[in-house]
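Every number here is computed from the coordinates shown, using simple stated rules; none is lab data. What you see is a predicted model; the values in this text were computed from it and never measured. A quick note on method: Cβ atoms are made from the backbone with ideal geometry, for glycine too, and the neighbour counts reach across all protein chains shown.
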Amino acid sequence: MSANYWTSSQRLHWLLTKETLAERRKNLEDIFDPGKLQTIKALNPWHVRVYLHTLIHLLGQNLSIRQRILATAEVYLTRFHTKVPFGEINPYLVVATAVYVACKVEEHPQHIRTITSEARSLWPDYISHDPTKIAECEFYLIEELGTYLVIFHPYKSLIQISDAMAKSNAQITMAPEEIQVTWSMINDSYITDLHLLNPPHIVAMACIYMTVVLRSHIMRMTMPSEAVKSRIEAFMTFFGESNVDLEQTIDCVQEMISLYVNWDTYSEKQCRVEIAKVIT
């Protein structure tokens with residue numbers, strides 16, 4: 001197990017370029033017959049990702065599983081679908097398996113029968129009462145992930161960067177509610193490809209940027225506009241001096257904005273029906 005991100009399998013084996021990721025997904029299309037491919041292409045990929053996100057969190061909530069574990073499960077799911085086309089394997093089974101494996105890797109194991117029972121209570125049409133189905137899927141999942149299972153998350157970077165901001169300039173000290181909003185954005189970021197394309201600190205900085213700059217007038221409604229402007233300028237000075245890659249950070253911000261724009265048009269009921277057409 002690597003002690004830090006820079007020597008980890010996450011960076012050495014699972015940090016992809018946009019071009020590599022696009023090529024992998026294009027290659028997956030060759031697996032489908034033309035009829036099923038058209039059904040898959042009719043799905044809004046953003047809506048599918050949001051739907052899988054809600055499945056993971058619903059199962060996690062029912063089992064009282066910590067957010068970090070669910071984030072790990074989401075990274076597994078995103079990686080898996082760069083190797084295996086969505087719909088080839090029952091997505092409800094893959095979700096349950098990803099949560100099961102993440103619990104073990106994050107050292108908060110859940111019994112396989114507990115995971116099976118809870119998943120079946122949520123999705124009885126798609127989850128068997130037989131726990132060996134998750135056990136079989138576990139081997140498949142781990143094989144496709146290349147056995148690289150340790151995940152580094154942006155949550156630690158958020159705390160480190162916010163501490164550095166406070167020490168650099170009291171004016172840009174993040175209020176508790178700002179940290180909470182940023183934390184929630186990081187949770188949402190697992191719906192995207194950001195964790196395949198960027199180091200954790202880039203994702204954290206992008207979410208901080210969105211909170212401090214893009215949401216500044218909402219988060220600081222009691223502050224005079226000049227004070228808000230001055231705070232943004234102070235933050236941008238900190239950002240420039242931090243040596244964090246600006247282009248990567250802005251790319252992350254744009255990806256998060258795209259997520260929220262598409263999320264506004266998301267219908268869970270409609271997405272569930274459309275996914276059912278793919279897996280039946």
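Worth pointing out:
- Each peptide in 61-69, 163-171 receives the mean, over its residues, of other Cβ atoms within 10 Å, and ordering these scores from highest gives 61-69, 163-171.
- Label sites at Ala175 and Lys26, each approximated as a point 7 angstrom past Cα along Cα to Cβ, lie 4.8 nm apart.
- Applying 0.36 nm per residue to the separation of Thr7 and Gln160 and subtracting their alpha-carbon distance, the gain on full extension is 53.2 nm.
- Computed over Cα pairs, the Kirkwood radius of segment 124-280 leads via Stokes-Einstein (0.890 mPa s, 25 °C) to a diffusion coefficient of 135 µm² per second.
- Basic side chains Lys and Arg get +1 at the Cβ, acidic Asp and Glu get -1 at the Cβ, and with that the dipole of segment 5-150 about its Cα centre reaches some 380 debye.
- For segment 76-84, Karplus couplings with θ = phi - 60° (6.51, -1.76, 1.60), whole Hz, Gly/Pro x: 4, 5, 5, 4, 4, 7, 8, 10, 10
- Cα-centred dipole magnitude for the chain, charges only on beta-carbon of K, R (+1) and D, E (-1), debye, nearest 20: 300
- Extension reserve of the Leu15-Glu144 stretch, reckoned as 0.36 nm per residue once the Cα distance is removed: 44.9 nm
- Whole-angstrom gap from segment 128-178 to segment 194-271, using each part's C-alpha centre: 18
- Projecting the alpha carbon convex hull of the chain along each direction and taking the average yields 15.6 nm².
- Sequence-distant aspartates and glutamates (8 or more away, or on other chains) whose Cα lies within less than 19 Å of Lys167: Glu177, Glu178, Glu233, Glu241
- Take each peptide in 95-101, 201-207, count the other Cβ atoms within 10 Å of every residue, and average; sorted highest first, the result is 95-101, 201-207.
- Difference of contour (0.36 nm per residue) and Cα-Cα distance, Met223 to Gln270: 12.7 nm
- Cα gyration tensor shape of segment 5-150, rounded if a/c is under 1.5, else prolate or oblate by comparing a/b with b/c: oblate
- Among the listed pairs Lys36/Lys133; Lys104/Lys277; Lys18/Lys133; Lys18/Lys83; Lys26/Lys104, those whose Cα-Cα separation exceeds 22 Å are Lys36/Lys133; Lys104/Lys277; Lys18/Lys133; Lys26/Lys104.
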